[in-house]
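Everything below concerns the one structure shown next.
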Amino acid sequence: MRTIKLGSTALEVPVVAVGCMRINSLDKAGAERFVQTALEQGANFFDHADIYGAGTCEEIFAEAIHMNDSVRENIILQSKCGIKPGVMFDFSKEHILASTDAILKRLKTDYLDILLLHRPDALVEPDEVAEAFDRLESSGKVRHFGVSNQNPMQIELLKKSVKQPIVANQLQLSITNANMISNGINVNMENSSAINRDGSILDYCRLHDITVQPWSPFQYGFFEGVFLGNDKFPELNKAIDAIAGKYDVSNTTIAIAWLLRHPANMQPVIGSMNIERLKDCVKAADITLTREEWYEIYRAAGNILP
């Protein structure tokens, strides 16, 4: 699969990341088939979080991939910490360190390639995060660090104390959830698309070599459902299907290709456990939509150009 450099690092990563949030929905044999298929497709970047399945997803993954030293050398592991479901966010030094140790134990590995802070913590103390990151880096437990769902000023606040580069930012982004793109198109306009809800995070990430990792690339709203094949989006599906026919691929492939066409060099995180959908997502790495096709899909989603 085509690769990009992750953030400002020299680490080459596939342009499609495999999200493991739902791997606990598979039985043992199904999980093994899924992971093996991903590897056969060149999709060796696996995204986790300690809250996925309350940790069981990491355990299931480690078993499915038959984790050992030789396997570990050929995959890239990313996980996230900082959420106590239904309770609070916790970026304290103690929680980050304890969570990372637990993640490593579940994944049966000595290190993570990337650790992300999972969503913003309103009570974050940058000095504590810095201490945790320093200890994790010096011990070899984590090689690179990033965040999720954070705006430019939140990242700048962390950088006040954190010396390691922030290399990735996971953000909700899809064809139908594209305000971070739309507010850049509708500058100085008096319409809802012009509202800057994220502090120009897309431009900020490009300026600072932070890889944007779109999550829920097929969802509309906040987990309200997928837009592909949905009667709520007739014009969008008509446009996507027509372009998919031109390239002889599925609509899934085109939805991911739309994200990959953006010059920010994004790395979408796909969450489907369906092997055929996984293959369709990977095919997007070989397709470069034209500018006309990209804008056709953008407009068909209901976006109006000023």
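Taking the criterion of being open to solvent by 50 Å² or more (accessible area, probe 1.4 Å) and either within 26 Å of residue 225 (Cα to Cα) or basic (Lys, Arg) (or both), the residues of the range 137-161 that qualify are 141, 143, 151, 159, 160. When the range 248-263 is filtered for residues that are touching a helix residue (DSSP H, G or I) at 6+ places or on another chain (Cβ under 6 Å) and open to solvent by less than 20 Å² (accessible area, probe 1.4 Å), the ones remaining, listed by number, are 252, 253, 254, 256, 257, 258. All of (1) assigned to a helix (DSSP H, G or I); (2) open to solvent by 40 Å² or more (accessible area, probe 1.4 Å); (3) not small (Gly, Ala, Ser) hold for residue 21 with one exception: (1).
For first residues located in the range 34-54 and on the phi < 0 side of the Ramachandran plot, partners that are assigned to a helix (DSSP H, G or I) and buried (at least 23 other Cβ atoms within 10 Å of the Cβ) and lie 6+ apart or on another chain with Cβ distances below 6 Å form the pairs 41/282; 43/282; 48/58; 50/99; 50/103.
Can you tell me which residue among 73, 125, 58 is open to solvent by 50 Å² or more (accessible area, probe 1.4 Å) and either within 20 Å of the chain's Cα centre (by Cα) or in contact (Cβ under 8 Å) with a residue 24 or more places away in the chain (or both)? Reasoning before the result, please.
On the way: 73 fails: either within 20 Å of the chain's Cα centre (by Cα) or in contact (Cβ under 8 Å) with a residue 24 or more places away in the chain (or both); 58 fails: open to solvent by 50 Å² or more (accessible area, probe 1.4 Å).
Of the residues listed, the single one that is open to solvent by 50 Å² or more (accessible area, probe 1.4 Å) and either within 20 Å of the chain's Cα centre (by Cα) or in contact (Cβ under 8 Å) with a residue 24 or more places away in the chain (or both) is 125.
Going by what's in this entry, would residue 1 be described as at pLDDT 95 or above, touching a Gly at 6+ places or on another chain (Cβ under 9 Å) and crowded, with 16+ Cβ neighbours inside 10 Å? Considered against the rule, which asks whether it is at pLDDT 95 or above, touching a Gly at 6+ places or on another chain (Cβ under 9 Å) and crowded, with 16+ Cβ neighbours inside 10 Å, residue 1 comes out as no.
Is there a residue in the range 77-85 that is farther than 16 Å from residue 108 by Cα, in a loop (DSSP other than H, G, I, E, B) and modelled with pLDDT of 95 or more? Yes.
Quick one: would you say residue 206 is among the basic types (Lys, Arg), touching a helix residue (DSSP H, G or I) at 6+ places or on another chain (Cβ under 8 Å) and open to solvent by 20 Å² or more (accessible area, probe 1.4 Å)? Judged against the criteria, residue 206 is not a match. Considering the range 269-288, and only residues there that are farther than 16 Å from residue 47 by Cα and in contact with a Ser or Thr (Cβ under 8 Å, 6 or more places away or on another chain), the residue that is most open to solvent (accessible area, probe 1.4 Å) turns out to be 283.
The conditions are (1) open to solvent by less than 60 Å² (accessible area, probe 1.4 Å); (2) at pLDDT below 95, and residue 222 fails exactly one of them. Which is it? Unmet for residue 222, out of (1) open to solvent by less than 60 Å² (accessible area, probe 1.4 Å); (2) at pLDDT below 95: (1).
Within the range 162-179, identify whether any single residue is open to solvent by less than 20 Å² (accessible area, probe 1.4 Å) and in a helix (DSSP H, G or I), and answer yes or no. Among the residues of the range 162-179, not one is open to solvent by less than 20 Å² (accessible area, probe 1.4 Å) and in a helix (DSSP H, G or I), which makes the answer no. Restricting 235, 131, 190, 156 to residues that are assigned to a helix (DSSP H, G or I), under 19 Å from residue 302 (Cβ atoms), out of contact with any Phe, Trp or Tyr (no Cβ under 8 Å at 6 or more places or on another chain) and not β-branched (Val, Ile, Thr) narrows the list to 235. If the condition is being under 17 Å from residue 174 (Cα atoms), in contact with a Ser or Thr (Cβ under 9 Å, 6 or more places away or on another chain) and open to solvent by 20 Å² or more (accessible area, probe 1.4 Å), then the range 233-247 contributes only 233.
Is it fair to say residue 241 is of a type in the set (Asp, Glu), part of a helix (DSSP H, G or I) and more than 30 Å from residue 78 (Cα to Cα)? Answer is yes for this residue. Screening residue 217 with (1) within 29 Å of residue 157 (Cα to Cα); (2) open to solvent by 40 Å² or more (accessible area, probe 1.4 Å) gives one miss only, at (2).
The values are calculated or read from the model by the stated rules, or taken from the named source; none is laboratory data. Because the structure is a prediction, the values reported are computed rather than measured. So basically every Cβ, Gly included, is an ideal-geometry build from the backbone, and we count neighbours across all protein chains shown. SASA here: full protein model, heavy atoms, side chains in, ligands and nucleic acids out. Shrake-Rupley method; radii C 1.70, N 1.55, O 1.52, S 1.80 Å.
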